[in-house]
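The values are calculated or read from the model by the stated rules, or taken from the named source; none is laboratory data. Please read all numbers here as calculations on a predicted model, not as lab measurements. All Cβ positions, even for glycine, are placed from backbone atoms using ideal geometry, and neighbour counts span all protein chains on display. What goes into the accessible areas is simple: the full protein's heavy atoms, side chains included, and nothing from ligands, DNA or RNA. Shrake-Rupley method; radii C 1.70, N 1.55, O 1.52, S 1.80 Å.
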Amino acid sequence: MTEPVARAVVDAFYKAYAERDIETVAEFIADDVDWTISGPPDVLKFCGTYRGKAAVLDLMARRVPEVFQIFCFIPSTMLVDGDKVSSLNRLWAKRAEDGRVISYRLAHFMRFENGKVVENFSLIDSFDAVEQVLGHQLDVHISPSAPGNRVAL
């Protein structure tokens, strides 16, 4: 059984993460970490799965800033249960392309071992984020005849 992660460790990780202090964040990332950000990689180019500490640090230091510069990250709700951490967060950033401010919610689901993140799954409100990045609402049409959209009467 894995040892529980101390709330102080989680708080220190999130402080460094919110401040975009990559050097300090590195201290909390396991060498063999699995880090996934769920979202559309054709618009949010940093979405996807990253394996290993070097890939995750490159994600934070280079890939995310290519899309936008995060200037505020607030974990609003957090649950620490044994080695698992769940958090609901809000992020504010400026689009790298034109400086337009965007903000969206995201959730983290993490697992820690020996005070380090070994798994992270980030679930972003990608519909909202994509609309803000693109600068317009998405045109979504649901066809009654599309598979999965049938209603039994």
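Key figures for this structure:
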read-out	value
Conditions (1) more than 14 Å from Asn120 (Cα to Cα); (2) open to solvent by 40 Å² or more (accessible area, probe 1.4 Å); (3) without any contact (Cβ under 8 Å) to a residue 40 or more places away in the chain: number failed by Ala16	(2)
Helices (runs of 4 or more DSSP H) wholly inside segment 49-153 containing at least 2 residues that are modelled with pLDDT under 65	126-134
Output for segment 73-126, where each listed residue is among the aromatic types (Phe, Trp, Tyr) and buried (at least 17 other Cβ atoms within 10 Å of the Cβ)	Tyr104, Phe112
Leu44 vs. criteria part of a helix (DSSP H, G or I), in contact (Cβ under 8 Å) with a residue 24 or more places away in the chain and either open to solvent by 30 Å² or more (accessible area, probe 1.4 Å) or hydrophobic (A, V, I, L, M, F, W, C) (or both)	no
